[in-house]
């Protein structure tokens, strides 16, 4: 058993998970938005989305990393669909009002599905696993089969815990901010989503321009 390799990939997974967890992106924006509108429970459920989106991609990326790099049609489709979905979510942020009472539970029920969808339509997730994470795990698996497992688990646990912590921090301030600041914060989330939507669509256009 290559203990050194397992520890090295575990450290790499934790490091990348922390970076991806705090890095601005559609999922983090959604975590903040769901926390402000539905409470910590909704934010935590949204933060858990990578378990069900990245999990299958980890397995697939080990098998199809080289194919994905030479077949950009899937990434093009995801970029365009993801951009359009983010536009809708961004516009919705401008009309959200502070929830009260049982509304928090209602919002929390759909938080996980929204987080799941936003991550599934994020082309950067596919780029990361198919072009970075997949090849890294594949090369390590040749020497130590447990190394990719250590990397994947450490990455997923780190990114989820970081986003839940961010949701917790926003939930703590949620009851102490004015309605105006509440709406302004959600509006910033909306602007961020619209920017990410533009980036996604530009990525798709660039893929189209470079040819399939």
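Residue 55 fails exactly one of the following numbered conditions: (1) within 27 Å of residue 195 (Cβ to Cβ); (2) surrounded by fewer than 20 Cβ atoms within 10 Å (Cβ to Cβ); (3) at pLDDT 80 or above; (4) under 14 Å from the mean Cα position of the chain (by Cα). What is the number of that condition?
Only one criterion is unmet by residue 55, namely (1).
On the given criteria, is residue 164 at pLDDT 80 or above and either assigned to a helix (DSSP H, G or I) or farther than 19 Å from residue 111 by Cβ (or both)? Don't jump to the end; show me each part of the working.
Working: at pLDDT 80 or above: yes; either assigned to a helix (DSSP H, G or I) or farther than 19 Å from residue 111 by Cβ (or both): yes.
When the stated conditions are applied, residue 164 passes them.
Within the range 167-191, can you find the residues that are modelled with pLDDT of 80 or more and crowded, with 18+ Cβ neighbours inside 10 Å?
Those that are modelled with pLDDT of 80 or more and crowded, with 18+ Cβ neighbours inside 10 Å: 167, 170, 171, 190.
Can you name the number of the only condition in (1) surrounded by fewer than 16 Cβ atoms within 10 Å (Cβ to Cβ); (2) at pLDDT 85 or above that residue 74 fails?
For residue 74, the failing item is (2).
The values are calculated or read from the model by the stated rules, or taken from the named source; none is laboratory data. What you are looking at is a predicted structure, and each value in this text was computed from that prediction instead of being measured. Positions of Cβ are backbone-derived with ideal geometry, glycine not excepted, and every protein chain shown enters the neighbour counts.
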